[in-house]
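First the structure, in the form of structure tokens, and then the observations on it.
Derivation of every value follows stated rules applied to the coordinates shown; laboratory data play no part. A quick note: this is a predicted structure, and the numbers were derived from the prediction, not measured. Neighbour counts are summed over all protein chains in view; Cβ atoms, including those assigned to glycine, are modelled from backbone coordinates with ideal geometry.
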Amino acid sequence: MAEHAEPPRATPAPTPGADRPADDVDDVTHALLTASRLLVDISARSLAAVADRVTLPQFRLLAVLGGHGDAKLVEIAERLGVNPSTALRMLDRLIAAGLAVRHANPASRRETMLRLTPEGRALVDEVTAVRHREVAAIVARLTPERRAALIGALNAFTEAGGAPAHPGEDTEPYPLGWSDTHTRVHAHTHVNAHTRPP
């Protein structure tokens, strides 16, 4: 009795991109570096209006005082990752410009504390507001679906880097003086003002 040969099996069509790794590290890295350049550009533009008053390192120091309140010199230096002598030189310039002041620590009169002046607070708020507006304008151009996907992707990236996806009040300002504390507080206040019963 003759054996019946099995019909040849169809070869499955190749899946587009199947020859590329499922986790395309290079493409993701390139996309993130490109996005980071955009954020650096926004940072530079936000500081342009106050460039005649403060440098980027000086603004970072102001952002530390703005985010943490009164602080000792050694605490400021630690948060910035610089030597106390470097922080002192920056502070002297900011005090001379009327953006920060020294005052005695009420808990220990021997200690000197540093804080923003109203003018220093206004400068930090101005730069932060400009950055927030520029980023918000870009995000508004995305569809709701892409915005939702971006939140998940960026949170995952942040957590993979060892930083909390939702930083608390005690987190340090970012290297370029980025912080969303001010904008989150103002947004929360704005919402409460509209939802609070009369």
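Some values worked out for this structure:
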quantity: Amide H contacts under 5 Å for Met113, placed H, 5+ residues apart; calculated: His103, Ala104, Asn105
quantity: Kirkwood hydrodynamic radius (C-alpha pairs) into Stokes-Einstein, the stretch 69-122, 37 °C and 0.692 mPa s, D in µm²/s; calculated: 289 µm²/s
quantity: Estimated vicinal HN-Hα couplings, Hz - the stretch 42-51 in sequence order (Karplus 6.51, -1.76, 1.60; Gly, Pro = x); calculated: 4, 4, 5, 5, 5, 8, 4, 5, 10, 4
quantity: HN-Hα J in Hz across the stretch 111-128 - Karplus 6.51, -1.76, 1.60, θ = phi - 60°, x for Gly and Pro; calculated: 8, 9, 10, 10, 8, 6, 7, x, 5, x, 4, 5, 5, 4, 5, 5, 5, 4
quantity: Using a Förster distance of 45 Å, the FRET efficiency for Thr34-Val101 (Cβ separation, nearest 0.05); calculated: 0.65
quantity: Quarter of Cα convex hull surface for the stretch 52-165, i.e. mean projection, nm²; calculated: 9.3 nm²
